[in-house]
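The next block holds one structure in the form of structure tokens; read it before the comments.
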Amino acid sequence: MKQMVLLLVTVGLNVTGQLLMKQGMGQVGAIGGRLSMMAESLFRAFLNPYVLGGVGAYGLSSIFWLVLLSRVELSYAYPALSIGYVLVTLVGAFLLGEQVSALRWLAVLVICVGVVLLSQS
């Protein structure tokens, strides 16, 4: 049970980090152009509080990931992280208003079935 809690905390922090970084990059704008323009945009990005919070949450999830890896097999832990794909899709659709196609929802369902099968092993 402790391993499941560690996994859920890891995934939750990872998803939170992704959401915060997306919010921040929405404020920064697209990164592109010449190398100097990209460097300037990335500098602005890393000054954005959402991006900083997202990087922090993502970094914290890495710490929990290391703890989890010390306790369970990689062949169990890594595939279980795919629940993050499901949560990110849900966040994208319902919090960010992104359009998610039927095929993408089907893929999310397949991932869910895979995670359930994995948890039975």
Between S70 and F43, what FRET efficiency follows from the Cβ-Cβ distance if R0 is 30 Å, with the result rounded to 0.05?
0.25
Restrict the search to the stretch 1-102; then list the trypsin sites (Lys or Arg not before Pro) that DSSP places in a loop and that have at most 16 other Cβ atoms within 10 Å of their Cβ.
R34, R71
Mind listing the Cα extents of the stretch 44-104 along all three principal axes, in Å, largest one first?
37, 37, 14
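Please arrange I111, I63, I83 by counting, for each residue, the other beta carbons lying within 10 Å of its beta carbon, fewest first. All intermediate terms of the calculation are to be shown ahead of the outcome.
Working: I111 17, I63 12, I83 22.
Ascending number of Cβ neighbours within 10 Å: I63, I111, I83.
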Give the separation of the Cα centroids, the stretch 16-42 to the stretch 44-97, in Å.
18 Å
Report the GluC sites (Glu not before Pro) located in the stretch 1-98 that are in a DSSP loop and have at most 10 other Cβ atoms inside 10 Å of their Cβ, or state none.
E73
Give the Cα extents of the stretch 2-119 along the principal axes, in whole Å, largest first.
46, 36, 23
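Each reported figure results from applying straightforward, stated rules to the coordinates on display, with no laboratory input. These numbers were taken from a predicted model, which means no experiment stands behind them. Here the Cβ is made from the backbone with ideal geometry for all residues, glycine too, and neighbour counts use every protein chain on show.
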